[in-house]
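Every number in this text was worked out from the coordinates using simple rules, so none of it is lab data. Every value quoted in this text rests on a predicted model; they were computed, and no experiment measured them. Methodologically, a virtual Cβ is constructed for each residue, glycine included, from the backbone with ideal geometry; neighbour enumeration extends over all protein chains shown.
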Ligand SMILES: Nc1ncnc2c1ncn2[C@@H]1O[C@H](COP(=O)(O)OP(=O)(O)OP(=O)(O)O)[C@@H](O)[C@H]1O
């Protein structure tokens, strides 16, 4: 079988778990299929499809290692060895693939070790020292099972109880939710005229995602246990407008909402009034602004300001960006800026440093460096594009198959990428009850559990997945940045960033899903050799990562005999060498490729996922373009990480055509791009969920594989959002105006 480029010539097409007769039938069928279809079998291409020629490669090294082996197919004779599952499995017959050939060198990571900003999570102060209502204290102690305050709670709660506005920053997982929820509940229950349900909102909490809305609602509900007359409620999209309207009509006193959904109700419902509003809280304030919600925030602020002037305003996040300081300017009145810093920062005058009265709020250094939980170990691995997929799979197997009770979150840059990897891993890495599907591993593990979460899923399923993963002791959650902010998923042990985040702030929030509230956790960032400089970019924000070598990750494949190439079957207890690791990685890659190439439909599915990856890659902000530029991607190599043997030709043609057209009409490109960005945002998890034409993954109606598993739906490119935005408001007599010129996506 020929391949996309010269390097793929010796692709291991001899791999098979089928009997020789079956294999020959399959080969004939494949031949017939290609004859009948318009899609010709991949042919050797002389011109490599890449945006730029690949970097000079480590050919020398590979030639040395593969000398005499590379072109040699292992014996096609069938033999059996026992797998670690105790089954007699047919050994894959594999010849060394091109997986390790013609890859760019992995650069040495020269990173300066920086001193990370650290915060102390807990204090010795107890909640009962705050003078709260005794029932509230006992609820905190008995229902939430908490006794001492975290640093951010100790600093924020008294300030908020005094009635001040505040801008609160503290590291991820440090208890910011209770830092505002406790004073809110304390103040509402203490109101002289008892709150009536029909009074409507006294508190409005804005959060960027639906899951966070649910989570915050849950916390508020628990705190309100003794105060049954105060009614909390959540608006978040995904629910029928009519039923939300009905709930609003009955009355909600503490209203938690995503901005898009709230704006929809403000515009279309007569049942929402803010005349009694006492609190306005922006949780994950910087994210709300990042996501193209400026217009929505303007509508909300104008609606709120029109009915109530006097209220307390709170902005919270683990990362305060420039946009937040501007939002603070227009929404906070004489605010207290609370930032929890470590002892070394506080040496001069601890008290003054811990709670600073700053207006305008933090700038410069403080905005550039973020606090990271002390018990979070951060790692990076540099992996050539061709090896990304096997490396990710090996890492998942290493942690979640061979180690106990590991809970992992893997971040991708688009919904399509999540869907693709989710389906691929389900079909290849998991065991099925019946005969293994084509491309499935012989000794697939039952210990593995995959879940996925992204904005193109139906809300019902999103909520179910969120709940399931929250309560699970193990599992792998594949997700977009919809899960990056605020979600408190207990006992997550590993965060993997398969696609690098668009900003250091997003990096912080993603890794912040682990090592929460003093627990231990680890993270792994996977970079391509051309992206290695990102490590320095992180270091400039005082983020330290230590390297894990790719080989150390791939090494796990030697622990599972189902990855054994035939050559090793006959040899007992041989020391694990680089050659064996490479062969096993090749077996795994072949499993993926076999699965993807088992039908035309799957090939086009993988191509679409690849296309989505490239589109998302093109949206990195300008300041990161020198590291993440589409032109530095080698399409043939990247295609391998989608299980494709061939770099899709039409894909590169499409990209080139587009680029040409853009060069001719840059103005038009800008226009359509911003329209496109808007469309993406509307389709995203952050929308109100009411827009017409929103594409969703509908489980029940999804097309199914012959085996009964739903196939992924037709993929819509939905890159991640909110990269490199700036925003500006103007105060006018008519209220706030959002300056659209400065708010275009860059
Ligand atoms: N005083 C406390 N004692 C023990 N656990 C606490 C305390 N306060 C909060 N927690 C727990 O800590 C976890 C993290 O809290 P929370 O989600 O509020 O963090 P956060 O600072 O908002 O994080 P992020 O920045 O990621 O949104 C939650 O499980 C919460 O129940």
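Data overview
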quantity: For 229, 494, order by how many other beta-carbon atoms lie within 10 Å, fewest first; calculated: 229, 494
quantity: Contact order relative to length of region 155-268, as percent, for alpha carbon pairs under 8 angstrom and 6 or more apart; calculated: 30 percent
quantity: Region 118-339, relative contact order [Cα under 8 Å, separation at least 6], %; calculated: 26 percent
quantity: Estimated FRET transfer efficiency when R0 is 51 angstrom, pair residue 405-residue 193 (beta carbons, to 0.05); calculated: 0.50
quantity: Difference of contour (0.36 nm per residue) and Cα-Cα distance, residue 547 to residue 114; calculated: 154.4 nm
quantity: Burial ordering of 560, 552, 488, fewest other beta-carbon atoms within 10 Å first; calculated: 552, 488, 560
quantity: Gyration tensor (alpha-carbon) shape descriptor, region 118-339, a/c threshold 1.5; calculated: oblate
quantity: 598, 502 arranged by Cβ crowding within 10 Å, fewest neighbours leading; calculated: 598, 502
quantity: Packing rank of 258-265, 212-219, 525-532, where each peptide gets the mean count of other beta carbons within 10 Å, highest leading; calculated: 258-265, 525-532, 212-219
quantity: Sorted peptide list for 516-522, 307-313, criterion being average Cβ within 10 angstrom, highest first; calculated: 516-522, 307-313
quantity: Rough spin-label spacing in nm, given labels placed 7 Å along Cα→Cβ, for residue 269 and residue 375; calculated: 4.0 nm
quantity: Chain lengthening between residue 626 and residue 599 when straightened (0.36 nm per residue, less Cα-Cα); calculated: 6.0 nm
quantity: Highest-first arrangement of 113-120, 319-326, where packing means the average Cβ count within 10 Å; calculated: 319-326, 113-120
quantity: Length gained when the stretch residue 491-residue 559 is fully extended (0.36 nm per residue, less Cα-Cα span); calculated: 21.9 nm
